Number of protein chains: 2
Amino acid sequence: MRPISYKNVTLSGGFLAAHESLNRRVTIPAVYDRFFETNRIFAVTRKWPDNTDKTVHKFWDSDVAKWMESAAYELAKQPDPELERKVEELIDGIEAYQLPDGYFNSCYDAETRFQSRDNHELYCAGHYMEAAVAYFEATGRDRFLKCMCRYADFIDEHFRVKGAAPFLTPGHEEIELALLRLYRATGSRKYLDLSGWFLKMRGTNEKDLPVVTRFSPNYQQDNVPLAELKEATGHAVRACYLYTAMTDYAMEAGDEALLAAAKRVFEDIVKRKMYVTGGVGSAREGEAFTIPYDLPNETAYAETCASIALFFFAHKLLLATGEAKYADVMETCLYNGIASGLSRSGDEFFYTNPLRFDRKAEKRYTMLVSEFPKRSLRHRVKVFRCSCCPPNLTRLFASAGGYVFSEDEDTIYVNLPTSAVFKDADRRVEVETDGQENLALSVRARNVRRVSIRIPEWHRISGAYMVSSIPYREKNGYAIFEAPAMTPEDAAWEVSIRLEGLRPVALASDPRVTENVGKVAFRYGPTVYCMEECDNPEVLSLVADRARLSEAEAEWNEKEQRTELLVPGFRPVFRTEDALYENASDQLAYAPTVLRLIPFRDAANREDADMTVWIPVR
Amino acid sequence: MRPISYKNVTLSGGFLAAHESLNRRVTIPAVYDRFFETNRIFAVTRKWPDNTDKTVHKFWDSDVAKWMESAAYELAKQPDPELERKVEELIDGIEAYQLPDGYFNSCYDAETRFQSRDNHELYCAGHYMEAAVAYFEATGRDRFLKCMCRYADFIDEHFRVKGAAPFLTPGHEEIELALLRLYRATGSRKYLDLSGWFLKMRGTNEKDLPVVTRFSPNYQQDNVPLAELKEATGHAVRACYLYTAMTDYAMEAGDEALLAAAKRVFEDIVKRKMYVTGGVGSAREGEAFTIPYDLPNETAYAETCASIALFFFAHKLLLATGEAKYADVMETCLYNGIASGLSRSGDEFFYTNPLRFDRKAEKRYTMLVSEFPKRSLRHRVKVFRCSCCPPNLTRLFASAGGYVFSEDEDTIYVNLPTSAVFKDADRRVEVETDGQENLALSVRARNVRRVSIRIPEWHRISGAYMVSSIPYREKNGYAIFEAPAMTPEDAAWEVSIRLEGLRPVALASDPRVTENVGKVAFRYGPTVYCMEECDNPEVLSLVADRARLSEAEAEWNEKEQRTELLVPGFRPVFRTEDALYENASDQLAYAPTVLRLIPFRDAANREDADMTVWIPVR
């Protein structure tokens, strides 16, 4: 498959369109304002106000770059002089202060640069390259792109040709995938080769291994040559950026061994190391992948950026293989573990996305320790010290249209069924849904002989099935619709598809995820649900009725503009008020109740509340 | 009630006798040897070997003192010249190096003493006083006692009379209860008054409050005057030592308000803050009591010393009130959260006693962090840096006989039904049990008009009932047996009691303990059970059969010399090997299995294994 650019796609309704709009109206401006207030903008423009502490953090360039990339996508969709002015001002700074040899980083200079693998300079460089490519593709202007080509040229010389740095590969991957974008934007094979060189050096060179960190070699994916990878290890964001680059490079270079490794790693993630929400990197220690089935809910790290990185990885595998299962994971991430990173207001963010909130742990801490921890894990915040997640969300939602469709010689693929229009010089595919859980799609195509609609994995899980106005055949998880035989070459044709039998479904997890034994989680369509205290007092004491799991009902909440679930359940009643422990059969009664579930992504948008995705059954 | 000294009691069989014997044969010598190897002994004797680092830790005196107290109890029971020599050598050191004004601490001198409330000097002093009283009562020799009286006199002068220290009350309570023992041993009211003074100053003086620590005032029980206490707060060992002293002082001084406060705090503990094992102090942060119902299983701190301290507290309340419910808690602690602190071999110790082991957390850590944590939480060890728990176990098991009986003017109470003989100049009560779960008792009394046998709470919970050879009436949770009417004043009489209907029972916890929702724990008699991986592969994935909880069977394991439980359960089978999450109704099957449970106190005595007390039910 080949991707279809967001520039050829209009999101016209539903989840993605709503997020694109919120992102443009609220999130992108808010992230800029926070970066302005926290001096990140000045670090690049060098227009420091008087009396300002000029300390720059090593992550800041990547924050600004991702914001620039987000702005670029919006500028391609509609003019916005103010937004453009902000980006140009940042480019002015980059151009003005880029070193003569091409190096650019706000935190380091010619003296201090490239001294430690953990200084994130290649990571920041990669994000600038992505932003430069996005800005070039959006506006056709190449000033920023040229700056970044000079930087890439310098990096090629410094690392690959001269081996002048005390390390060979970045501590935080990113540049590998960015170089591939730079290659495609410029046509210069040097960038493809440099990307491949970074990939080939990883896990195979002696220079990087002795670097002493708190973490073991697999933290930075140094444990094994990439083509031999069998499992996902280490820092989840770094890992998934790397796997994204691996897959993309393998496609470009026709490297079957590397592609096979990427597929193995992906299977390891989704079958053993991914939360039901698409969250990955369960361990707070190292923000990392851990051993199989180690998926604690309350202490889940599940960084927003890690789900985004997994989304990118899955997208590359989708393009490489044409198999719908990769788009299933993209969708799971998007509707759940990614979207949960953003408040409904659009201007507050989660870094970590745990699947259970228990305020007791926080109260415990407040009670015992005088200095209350600065940040509650249950409140999204406006900016982080290391604020990688907010601009990662903005760039993803700004370019979300680019993930809906893809193509090959004779087919347009609908990977994320939602209301959207693909249009280029002579072709057009229009998808309309009911805007909710894709219960109905109407597809109109012109100048296209074949449209393939992904059959989501959640159709199968919930026992739903497609009914369509014209017959289809299935391949690789797609329903393939052919233009009716008599349709003239450039004529329009239509197909309408209805999803029948979609119901909320109770999911069990593999029993090796020990914390979830005896519990279920609910999913309706692509959306994973949770139960929050705001709707369910004493929420963490409630249980679902095992005999009536299939009676869970979806209900549209007009005020909140979302589908909620009503699940038959029980509220345990402890008959002996005086005891903490009692004979279970004598003392524990169960009062019937109805559990109200909301989308996981919507948790923590009301008052402070306990929450759980996994619900014990009785 | 008045206590009956361990000196008048012979433990003749069952749990306590076995532990007393193991303690004498293995644990007391082992603890001495470890203290010798770690220089603790030299810190007191000052017979430092050459080339030895003479750094002394501020806890060391208390470690040595508790070992001396343990040895004293054993010396009262039978001569042991080698043991006596070791104690005398330590007393030599104390006598030789006690400062002229009475101060003694191996870690501080006249210059450095009493500068910080957190230096544990009054805590160490208290433990020396307890040891001195025990040694005096065991041997009749008062050399050590006199040393400690001089020290107590100095403390009275320094703290109460002169207010010469920069603080008024100890950061770690203990001396308050020790002074009461010193008062009873010497008859000197000064020690009673000093204990009362420390108690009255706590939470009421300005001097102690501004002390800056990481922890809030309730960590050191400074938040409120003791008579106003409503809840248990802060460091659990410190708290329960304080509550023990409060209760004892209230009894001695007839302070009803203080006694009422102690009772309130006790109720707060057992109804809201105690694990089913009798563990207390659930929070690792501060080793402390937290908010009600905050009882996480895997991260439970539940320090061995805290259960011992709760045992002491409950014992004082038993004496103050005569109510059996306090002995219920003593027994729960003793058979579970205390006994679990000791390996079956008798020479290895747990500091913390979690109710669930999940090796995933440890594997996660090993995988990610180069420096593996020094100590696995799942292996008992021979000595700790702060080795308070081992000699706390030795002194408790060495004096365990002193908790079996108590008396008032006309009654001998059997508080902990076990095989034991009480004998003094003219009276004798002999209790024989079957040595297991007290399924049968035979009591023979001479020169005693009334014997009251505690009816354990677990009789009620398990639906068991007493059948006795003579009728009884119930009061305060005791079955009161009167000598048959015709029995001459000094004649022997007998009663035999059988417990009928005792069965393993599945306990539920108050649903506000959210982690235990949908789970049960098993108890058989006083013993709480757990399920360990050694007997149950994939133990943390197993569930109990809700419909057959009452079919759990007890089975004697001759090899291991313990009763084990067989519980009908299921092993979940996930039909889709390829998925981490699936439709619960389609994909999750349950294969019947039998869960084998062992006493919680016996966990972690075989190979490295996962374990859980609370088992999900289905």
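The values are calculated or read from the model by the stated rules, or taken from the named source; none is laboratory data. Quick caveat: nothing in here was measured; it's all calculated off a predicted structure. Note: ideal-geometry Cβ built from the backbone for every residue, glycine included; neighbour counts use all protein chains shown.
Residue-by-condition table, conditions (1) closer than 23 Å to residue B:514 by Cβ; (2) surrounded by fewer than 23 Cβ atoms within 10 Å (Cβ to Cβ); (3) polar (S, T, N, Q):
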position: B:538; (1), (2), (3): no, yes, no
position: B:542; (1), (2), (3): yes, no, no
position: B:547; (1), (2), (3): no, yes, no
position: B:593; (1), (2), (3): no, yes, yes
position: B:608; (1), (2), (3): no, yes, no
position: B:611; (1), (2), (3): yes, no, no
Exercise. Determine whether the range B:263-270 contains at least one residue that is of a type in the set (Phe, Trp, Tyr), part of a helix (DSSP H, G or I) and touching a strand residue (DSSP E or B) at 6+ places or on another chain (Cβ under 8 Å).
Key: no
Of the residues in the range B:97-128, those that are among the aliphatic types (A, V, I, L, M) and either over 17 Å from residue B:40 (Cα atoms) or not assigned by TED's automatic domain parsing to the domain that holds residue B:144 (or both) come to B:99, B:110, B:122
Inside the range A:552-584, the number of residues satisfying the requirement of being among the charged types (D, E, K, R) and over 32 Å from the mean Cα position of the chain (by Cα) is 5
For the range A:412-435, pairs from a residue that is over 14 Å from residue A:492 (Cα atoms) to a residue that is at pLDDT below 95 and aromatic (Phe, Trp, Tyr), with Cβ under 7 Å and 6 or more apart or across chains, are A:418/A:15
When the range A:509-554 is checked residue by residue, the ones that are over 11 Å from residue A:567 (Cα atoms) and either β-branched (Val, Ile, Thr) or in the same structural domain as residue A:460 (by TED's automatic domain parsing) (or both) are A:513, A:514, A:517, A:520, A:527, A:528, A:539
Residue A:614 meets each of (1) free of Cβ contacts under 8 Å to residues at least 12 places away in the same chain; (2) touching an Asp or Glu at 6+ places or on another chain (Cβ under 8 Å); (3) within 11 Å of chain B (Cβ to nearest Cβ); (4) more than 30 Å from residue B:267 (Cα to Cα) with one exception, condition (1)
- Query: In this structure, does residue B:54 turn out to be surrounded by fewer than 19 Cβ atoms within 10 Å (Cβ to Cβ), at negative phi, of a type in the set (D, E, K, R) and in contact (Cβ under 8 Å) with a residue 60 or more places away in the chain?
  - Reply: no
The range A:440-529: strands (runs of 3 or more DSSP E) wholly inside it with 3 or more residues that are touching a helix residue (DSSP H, G or I) at 6+ places or on another chain (Cβ under 7 Å) are A:505-509
Restricting attention to the range A:217-246, the residues that are of a type in the set (Phe, Trp, Tyr) and modelled with pLDDT of 95 or more number exactly 2
Over the range B:515-536, the set of residues within 12 Å of chain A (Cβ to nearest Cβ) and surrounded by fewer than 24 Cβ atoms within 10 Å (Cβ to Cβ) is B:515, B:533
If you go through A:277, A:299, the only one that is within 14 Å of another protein chain (Cβ to nearest Cβ), polar (S, T, N, Q) and out of contact with any Leu (no Cβ under 7 Å at 6 or more places or on another chain) is A:299
Scanning the range B:553-584 for residues that are surrounded by 15 or more Cβ atoms within 10 Å (Cβ to Cβ), hydrophobic (A, V, I, L, M, F, W, C) and either touching a Phe, Trp or Tyr at 6+ places or on another chain (Cβ under 6 Å) or outside any loop (DSSP other than H, G, I, E, B) (or both) gives B:554, B:565, B:566, B:567, B:570, B:574, B:584
Within the range A:30-51, the residues that are crowded, with 18+ Cβ neighbours inside 10 Å and in a helix (DSSP H, G or I) are A:30, A:31, A:32, A:34, A:35, A:40, A:41, A:42, A:43, A:44, A:45
Requested in this report: Determine, yes or no, whether residue A:335 is aromatic (Phe, Trp, Tyr) and crowded, with 24+ Cβ neighbours inside 10 Å.
Outcome: yes
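Here's the yes/no breakdown for (1) farther than 30 Å from residue A:537 by Cα; (2) touching a Leu at 6+ places or on another chain (Cβ under 8 Å):
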{"site": "B:514", "(1), (2)": "no, yes"}
{"site": "B:521", "(1), (2)": "no, yes"}
{"site": "B:543", "(1), (2)": "no, no"}
{"site": "B:552", "(1), (2)": "yes, yes"}
{"site": "B:559", "(1), (2)": "yes, no"}
Of the candidates A:543, A:594, the one satisfying the condition of being within 14 Å of another protein chain (Cβ to nearest Cβ) and among the aliphatic types (A, V, I, L, M) is A:543
Could you go through the range B:273-282 and let me know if any residue there is modelled with pLDDT of 95 or more, assigned to a helix (DSSP H, G or I) and crowded, with 20+ Cβ neighbours inside 10 Å. yes
Among residues of the range B:261-270 being surrounded by fewer than 20 Cβ atoms within 10 Å (Cβ to Cβ) and touching a residue at least 24 places away in the same chain (Cβ under 8 Å), the residue nearest to residue B:352 (Cα to Cα) is B:268
Taking the range B:548-567 and keeping residues within 14 Å of another protein chain (Cβ to nearest Cβ) and either in contact with a helix residue (DSSP H, G or I) (Cβ under 8 Å, 6 or more places away or on another chain) or modelled with pLDDT under 95 (or both) leaves B:549, B:550, B:567
* Can you spot a residue in the range A:331-339 that is outside any helix (DSSP H, G or I) and farther than 21 Å from residue A:130 by Cβ? -> no
Within the range B:530-552, the count of residues that are part of a loop (DSSP other than H, G, I, E, B), of a type in the set (A, V, I, L, M, F, W, C) and in contact with a strand residue (DSSP E or B) (Cβ under 8 Å, 6 or more places away or on another chain) comes to 2
Only one of A:88, A:111 is closer than 15 Å to residue A:65 by Cα, acidic (Asp, Glu) and without any contact (Cβ under 8 Å) to a residue 60 or more places away in the chain, namely A:88
Expected single match for among the charged types (D, E, K, R) and in contact (Cβ under 8 Å) with a residue 12 or more places away in the chain among A:515, A:558 is A:515
